[in-house]
Protein chains: 2
Amino acid sequence: MIFEKGDKVPNDKFVGNVYQAILSDEGTRVSNVTFEPKGRTNWHNHPGGQTLLVTDGVGYHQEEGKPVQVIKKGDVIKIGKNVKHWHGGSADQAMTHIAVSIDHEKNPSQWFEPVSEEEYAIK
Amino acid sequence: MIFEKGDKVPNDKFVGNVYQAILSDEGTRVSNVTFEPKGRTNWHNHPGGQTLLVTDGVGYHQEEGKPVQVIKKGDVIKIGKNVKHWHGGSADQAMTHIAVSIDHEKNPSQWFEPVSEEEYAIK
């Protein structure tokens, strides 16, 4: 863990054990997020777009209509404006990423339904 | 080195050996920058502000009119809008950081004079 782990986030927007520290929040939000195994976001989007920088572990990322993608330390994932997606730890490993949510102050994330067990089970 | 090292940057804005990879550039610019020992930026500012996330090594950061600050892996440095500053590796260790330059597309950095040997020599 390079940066502070932060606090456990409430389960209205996440499933399982997820920790977040907001590192800066000046227009663009920079946060450090750690997902324990099976921990994940609900489906959501970012009207300003987002970049994920995986600093540790192995996890999953999925954009709506595309296959689940395995992501790991060193990966950089760019998510376009308003693309519905989710991200989380893998079934048996934790994953930590820096999330850069562009123009988050003016255009905060929109949150949708939880990721079901069927959606989470990578094929 | 977690993320790609990128290419050596030209010495019109930097002193010494500095490598940069632009990881994303959608309004806010996210780049991975590695400074070899004594490598450093020139004095510059960011009209949109900047956050530095040190992922490896030990380096220096200085805002105009303040003392040189030693920065190391795990440190998060927030630089306000239009604050003139420089950053680089330490005298004998390399330093790598992620730089999040907020609203960089509309408000690119402004560059000034090199950091002199006297300014670089931490007291």
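Here A:V100 meets the list (1) in contact (Cβ under 8 Å) with a residue 60 or more places away in the chain; (2) within 17 Å of A:E113 (Cβ to Cβ) almost entirely, failing just condition (2). Of the residues making up segment B:75-97, those that are without any contact (Cβ under 8 Å) to a residue 40 or more places away in the chain and not acidic (D, E) are B:V76, B:I77, B:K78, B:I79, B:G80, B:K81, B:N82, B:V83. Once segment A:16-25 is narrowed to residues that are assigned to a strand (DSSP E or B) and away from chain B (no Cβ under 12 Å), the residue that is surrounded by the most Cβ atoms within 10 Å (Cβ to Cβ) is A:V18.
Take the conditions (1) on the phi > 0 side of the Ramachandran plot; (2) modelled with pLDDT of 95 or more; A:D103 misses just one of them, which is (2).
Would you say A:Q69 is of a type in the set (S, T, N, Q), out of contact with any Leu (no Cβ under 7 Å at 6 or more places or on another chain) and free of Cβ contacts under 8 Å to residues at least 24 places away in the same chain? The answer is yes for A:Q69. If you check B:V70, B:V115, B:V30 for being at pLDDT 95 or above and under 22 Å from A:A99 (Cα atoms), only one passes: B:V30. A:R29 meets all of the listed conditions (1) outside any strand (DSSP E or B); (2) surrounded by 20 or more Cβ atoms within 10 Å (Cβ to Cβ) but one, namely (1). Only residues that are away from every other protein chain (no Cβ under 14 Å), open to solvent by 30 Å² or more (accessible area, probe 1.4 Å) and not in a loop (DSSP other than H, G, I, E, B) were counted in segment B:67-123, giving 7. Candidates B:T28, B:T51, B:T41, B:T34: the one that is within 9 Å of chain A (Cβ to nearest Cβ) and either within 26 Å of B:S116 (Cα to Cα) or of a type in the set (K, R) (or both) is B:T51.
Taking segment B:32-58, which residues are open to solvent by 20 Å² or more (accessible area, probe 1.4 Å), part of a loop (DSSP other than H, G, I, E, B) and in contact with a Gly (Cβ under 9 Å, 6 or more places away or on another chain)? Passing the criteria: B:E36, B:P37, B:K38.
The values are calculated or read from the model by the stated rules, or taken from the named source; none is laboratory data. Please read these numbers as outputs of a predicted model, since none were measured by experiment. Because the Cβ atoms are built from the backbone with ideal geometry, glycine has one as well, and the counts that use them run over all protein chains shown. SASA here: full protein model, heavy atoms, side chains in, ligands and nucleic acids out. Shrake-Rupley method; radii C 1.70, N 1.55, O 1.52, S 1.80 Å.
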